[in-house]
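First comes the structure, then the notes that go with it.
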């Protein structure tokens, strides 16, 4: 969740201060970073910052390619690189809108005048096959980085030839959150199972505490409905929805079917907003952040926002808990740094990608630790960073850190299928089918079979 400005989503809650939109963390959220995989949705434009932009000139000049919305967020880290890695000099190449579409066009046209770029899930296979990004097999210290990665991360970094083509940018996980004030009014503790959750939602509605107790992100934007489906299936012991070979595990998956049946019940009983499917990201966010719902689910960076009184009137009552369900597992996803194939071999671009997505020359993991984990609250993808006492202390400012680390230890990824070229198209299709099932236009079994058949037909 996943990285730049794909639509102009307003993340401000209804009680946000006038200046809140300038906060860098919220720029990250509004830009779509880490929201999951999303196809480009609208206009395009390129903003080039300082540094060389023609692939030639001084071999010490390097460029990072990213979305313009997060420029203020990265500026201190660009400055830190230039202060500590001289004579190397880092400039920036920022896309004003529709990052993935614009970047894909630049790579295809041979106009990629930058050294390191990021991508969401679903791009690694095509970009590596087309020789738009380089293998990192010769990157110094790569084996040590891989050994330090969280379980499952390294597999998502491999191209069709088995080489590593990327380093972690961030890892997100769907977290379940509750409004503790609402639960106190019905004398209930946080639900441990989905049956308890359903009972509590009905009681909260019946007593007028919340007209729509659950506000999930059942929207197509950033494929969030698909991500949340994967999370709830995992929580009930359904495992990953794809096996390691990329074969779908949907038909006959009892947890997947039970999840859809529960969703149909929630919708038919009015326990979720009726206009949820057509509500934008900011609108869904405001429901829980404004104290209008009792439960929601979203990744770490959004929970940080909900715990901020400047963004959320319910901040003091927001608490992350273990995902309800038999296994309490959840779904994880990520974004990644890659090395442009057009970069010259002597331009020290390997130093830059190691700085942004690795340990850096001093082994401190400066960007993964300080930007990704501390400022944004996301997992860095690295065990040593995510367990660092300073990181845990920062997480404790917005989370029940024991519940958070316990949840991060129980994540289920979709595996190598997320590197495939067809994955974004599948995830988009999945959101449409899931909505049709919830609306009663298809049965749960019909929806799961349709998605299984679609995925099985891809090459």
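The values are calculated or read from the model by the stated rules, or taken from the named source; none is laboratory data. As the structure is a computational prediction, the values presented were derived from the model and not from experiment. So basically every Cβ, Gly included, is an ideal-geometry build from the backbone, and we count neighbours across all protein chains shown.
Computed values, structure above
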item	result
Test: residue in the range 115-124 that is farther than 16 Å from residue 355 by Cβ and part of a helix (DSSP H, G or I)	yes
Residue check, residue 185 more than 30 Å from residue 453 (Cβ to Cβ), surrounded by fewer than 23 Cβ atoms within 10 Å (Cβ to Cβ) and at pLDDT 95 or above	yes
Options 152, 141, 172, 162; residue that is out of contact with any helix residue (DSSP H, G or I) (no Cβ under 6 Å at 6 or more places or on another chain) and at negative phi	172
Residue 230 vs. criteria under 21 Å from residue 419 (Cβ atoms) and either assigned by TED's automatic domain parsing to the domain that holds residue 318 or touching a strand residue (DSSP E or B) at 6+ places or on another chain (Cβ under 9 Å) (or both)	yes
Hey, residue 429 within 29 Å of residue 258 (Cα to Cα), in the same structural domain as residue 265 (by TED's automatic domain parsing), within 21 Å of the chain's Cα centre (by Cα) and surrounded by fewer than 21 Cβ atoms within 10 Å (Cβ to Cβ) or not	yes
Some residue of the range 89-98 being at pLDDT 95 or above, in contact with a strand residue (DSSP E or B) (Cβ under 8 Å, 6 or more places away or on another chain) and assigned to a helix (DSSP H, G or I)	no
Flag if residue 143 is in a helix (DSSP H, G or I), more than 21 Å from the chain's Cα centre (by Cα) and either within 26 Å of residue 68 (Cα to Cα) or not assigned by TED's automatic domain parsing to the domain that holds residue 223 (or both)	yes
Wholly enclosed helices (runs of 4 or more DSSP H) of the range 246-348 bearing at least 3 residues surrounded by fewer than 18 Cβ atoms within 10 Å (Cβ to Cβ)	254-268
Filter pass, residue 191 being in contact with a helix residue (DSSP H, G or I) (Cβ under 6 Å, 6 or more places away or on another chain), outside any helix (DSSP H, G or I) and closer than 25 Å to residue 452 by Cβ	no
Unique match (being buried (at least 24 other Cβ atoms within 10 Å of the Cβ) and either assigned to a loop (DSSP other than H, G, I, E, B) or assigned by TED's automatic domain parsing to the domain that holds residue 322 (or both)) among 363, 377	377
Number of the condition not met by residue 62 [criteria: (1) at pLDDT below 95; (2) buried (at least 21 other Cβ atoms within 10 Å of the Cβ); (3) more than 29 Å from residue 304 (Cα to Cα)]	(1)
Pair list, Cβ under 9 Å, 6 or more apart: the range 121-136 residue at positive phi, other residue buried (at least 20 other Cβ atoms within 10 Å of the Cβ) and assigned to a loop (DSSP other than H, G, I, E, B)	122/37; 122/420
Residue match in the range 196-204 (condition: in the same structural domain as residue 323 (by TED's automatic domain parsing) and in contact with a strand residue (DSSP E or B) (Cβ under 6 Å, 6 or more places away or on another chain))	yes
